[in-house]
Amino acid sequence: MTVTFGDKKGKKTPVYVDGAYIGALYPGELRQYNLEDEGEISEAALERVQKECLLLRAKRYVMNLLLKADKTEEELKRKLRENGYSEETSEGAIEYVRSFHYIDELRTAENYIRTKMFSSSEKEIRYKLSEKGINDETIDMAYDRIAEENEDEENGNTELKAAESFLRKKLKTAPGEELPYEEKQKLMSSAYRKGFRSETIREALENLLREDR
């Protein structure tokens with residue numbers, strides 16, 4: 001099997017075997033496995049490179065990512081791809097952390113919702129979670145769990161509180177001052193674009209204006 005090198009990216013060199021991309025290696029790794037451009041490699045040697053070097057490094061990389069913050073499988077795959085790992089190596093690394101239950105998309109969704117629920121609309125939160133690769137069923141379950149936790153707490157309507165928080169930052173009138181119609185429409189449009197429902201926006205704005213009086 002023939003080894004070929006791609007154009008160097010930073011410190012790492014993309015490596016191909018019979019035209020198939022296997023990953024990007026550091027200079028020391030190339031020397032360690034005696035890899036040369038247009039050189040030959042045996043199946044046994046290729047397996048060592050993939051398991052002892054690339055897969056091991058990918059496992060460490062995803063573990064470090066998960067230690068810093070929860071990540072979905074889609075986010076991990078994206079990070080691995082951006083850092084030059086092949087699809088095969090990425091799948092191996094993700095399967096490794098999955099086997100230890102380090103990836104928990106329900107927990108990720110719950111934590112994200114808790115962080116954003118008082119400052120963002122549910123529509124916006126759902127959109128951001130879907131971007132992370134979390135499906136609607138998991139998002140629904142996360143919202144249900146949080147609702148159950150908050151049943152006995154006097155948290156009120158979190159969507160309303162989030163809308164009030166958003167509008168409060170935009171509101172420029174002084175206490176007791178009448179809000180011009182044009183300004184009110186501008187505020188409502190701004191909140192609507194953030195994903196808040198019309199009835200929630202109206203109630204939130206009324207509450208804020210009542211506070212000012």
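A short reminder: the numbers here are calculations on the coordinates, not readings from a lab. Keep in mind it's a predicted model, so treat the numbers as computed, not measured. Here the Cβ positions follow ideal geometry from the backbone for every residue, glycine too, while neighbour counts run over all protein chains shown.
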Q) If packing is taken as the mean number of other Cβ atoms within 10 Å per residue, what is the order of 73-80, 34-41, highest first? A) 73-80, 34-41
Q: Putting +1 on Lys and Arg Cβ atoms and -1 on Asp and Glu Cβ atoms, find which of L187, L160, T200 reaches farthest to the positive end of the dipole of the chain.
A: L187
(Q) Give me the net charge for the shell around R78: Cβ to Cβ below 10 angstrom, other residues only, Lys and Arg +1, Asp and Glu -1. (A) +1
Q | Helix axis angle, 158-170 relative to the chain longest principal axis, alpha carbon, degrees | A | 80 degrees
Q: Quickly rank 53-62, 199-208 as a protection proxy: mean count of other C-beta atoms within 10 Å, highest first.
A: 53-62, 199-208
Q.
Report D for the stretch 160-211 in µm² per second (integer): Stokes-Einstein, Kirkwood Rh on Cα pairs, 4 °C, 1.567 mPa s.
A. 120 µm²/s
(Q) How tilted is helix 181-193 with respect to the longest principal axis of the chain? Cα atoms for both, answer in degrees (0 to 90, nearest 10). (A) 30 degrees
Q: Answer rounded, prolate or oblate for the stretch 105-149, using the Cα gyration tensor with square roots of eigenvalues a ≥ b ≥ c: rounded when a/c is under 1.5, else prolate when a/b is larger than b/c, else oblate.
A: oblate
(Q) As I understand it, the value is the acute angle between the Cα axis of helix 198-211 and the longest principal axis of the Cα atoms of the chain; what does it come to in degrees, rounded to 10? (A) 60 degrees
**Q.** Amide H partners (placed H, <5 Å) of G23, local residues excluded
**A.** V15
Q. What per residue convex hull volume, in Å³, do the alpha-carbon atoms of the stretch 39-171 yield?
A. 133 Å³
**Q.** Relative frequency of Cα-Cα separations exceeding 19 Å in the stretch 1-96, percent
**A.** 39 percent
Q: Enumerate the calculated ³J(HN,Hα) couplings along the stretch 6-23 in order (Karplus 6.51 cos²θ - 1.76 cosθ + 1.60, θ = phi - 60°), each rounded to whole Hz, writing x wherever the residue is Gly or Pro.
A: x, 5, 4, 10, x, 8, 9, 10, x, 10, 10, 10, 6, x, 9, 6, 10, x
Q.
From the phi angles alone, apply the Karplus equation (6.51, -1.76, 1.60; θ = phi - 60°) to the stretch 100-113 and give each ³J(HN,Hα) in whole Hz, x where the residue is Gly or Pro.
A. 9, 6, 6, 9, 9, 5, 5, 4, 4, 5, 4, 5, 5, 4
Q) Size of the dipole of the chain about the Cα centre, Lys and Arg at +1 and Asp and Glu at -1 on the beta carbon, nothing else charged, in debye to 20? A) 1020 debye
